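Trainee: Take this structure first; my questions come after.
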Amino acid sequence: MSAFRFCPSCATPLELVPKQEDGGWVERLRCIACDWTHWNNPTPVLAGIVQYQGKILLARNAAWTGRRFALITGFMEAGESPQEGVTREIAEETNLQVSALQLVGVYDFQRMNQVIIAYHAVADGEIKLSPELAEYKLYKPEDVICWPAGTGFAVGDWLRTQGIEPRFMTWEERAAQNIE
């Protein structure tokens with residue numbers, strides 16, 4: 001559920017109110033005083049399957065507990081295309097420069113109210129992690145084990161384009177590693 005509790009226009013408490021919209025009746029948080037609506041639309045998140053020296057770079061976020069490694073991800077900023085955004089995120093988080101970029105797909109991640117736009121990026125340079133990342137690992141593509149959620153599906157789809165049948169960890173393995 002949304003963190004919104006009060007109308008940002010008039011400070012009236014928001015209520016779940018059904019209303020007729022183009023697609024039919026929809027219940028949303030609305031202000032009963034000024035009719036402001038909290039749309040709660042998904043946030044676009046960019047993900048990079050970074051290929052560096054023929055291997056896939058996975059990184060561990062410094063804020064995460066445990067030893068989970070994942071793709072380079074970040075939020076798209078106003079005024080940039082998804083391609084510009086994922087290129088920027090890769091450079092900011094790893095210091096690598098993208099030399100080739102290919103869309104892998106768009107993935108629904110409702111648990112986080114996000115839409116993931118995933119790219120395969122070939123990158124070069126010297127890896128220098130931002131303070132946001134604690135460490136990285138490089139994996140041969142055939143050694144990557146996908147996680148059954150979020151960006152893990154993008155990795156699986158990309159592996160198939162490389163002629164590699166992806167292996168997905170089980171939900172039990174995922175829970176044991178506390179993977180998103």
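Trainee: For GLU92, which of the numbered conditions (1) at pLDDT 95 or above; (2) more than 24 Å from ASN40 (Cβ to Cβ); (3) not in a helix (DSSP H, G or I) fails to hold?
Mentor: Failing condition for GLU92: (3).
Trainee: What are the residues in segment 33-66 that are under 21 Å from ALA154 (Cα atoms), over 16 Å from the mean Cα position of the chain (by Cα) and not aliphatic (A, V, I, L, M), if any?
Mentor: GLN51, TYR52, GLN53, GLY54, LYS55 - these are the residues of segment 33-66 that are under 21 Å from ALA154 (Cα atoms), over 16 Å from the mean Cα position of the chain (by Cα) and not aliphatic (A, V, I, L, M).
Trainee: Could I ask something else about it? What is the number of the single condition among (1) within 20 Å of ASN113 (Cα to Cα); (2) touching an Asp or Glu at 6+ places or on another chain (Cβ under 8 Å) that PRO82 does not meet?
Mentor: It fails just one condition, (2).
Trainee: Can GLY74 be described as small (Gly, Ala, Ser), free of Cβ contacts under 8 Å to residues at least 60 places away in the same chain and within 21 Å of THR94 (Cβ to Cβ)? Working first, answer last.
Mentor: On the way: small (Gly, Ala, Ser): yes; free of Cβ contacts under 8 Å to residues at least 60 places away in the same chain: yes; within 21 Å of THR94 (Cβ to Cβ): yes.
Yes: the conditions hold for GLY74.
Trainee: Still on this model: Working only within segment 161-175, note down all residues that are within 23 Å of GLN110 (Cβ to Cβ) and either modelled with pLDDT of 95 or more or outside any loop (DSSP other than H, G, I, E, B) (or both). Walk me through how you get there before you give the answer.
Mentor: Of segment 161-175, the ones within 23 Å of GLN110 (Cβ to Cβ) are 166, 168-175.
PRO166, PHE168, TRP171, GLU172, GLU173, ARG174, ALA175 - these are the residues of segment 161-175 that are within 23 Å of GLN110 (Cβ to Cβ) and either modelled with pLDDT of 95 or more or outside any loop (DSSP other than H, G, I, E, B) (or both).
Trainee: Please state which one of LYS140, LYS128 is charged (D, E, K, R), at pLDDT 95 or above and touching a helix residue (DSSP H, G or I) at 6+ places or on another chain (Cβ under 9 Å).
Mentor: On the way: LYS140 fails: touching a helix residue (DSSP H, G or I) at 6+ places or on another chain (Cβ under 9 Å).
On inspection, the qualifying residue turns out to be LYS128.
The values are calculated or read from the model by the stated rules, or taken from the named source; none is laboratory data. This structure is a prediction, so every number in the text was calculated from the model and none was measured. Neighbour counts run over all protein chains shown; Cβ positions are idealised from the backbone, glycine included.
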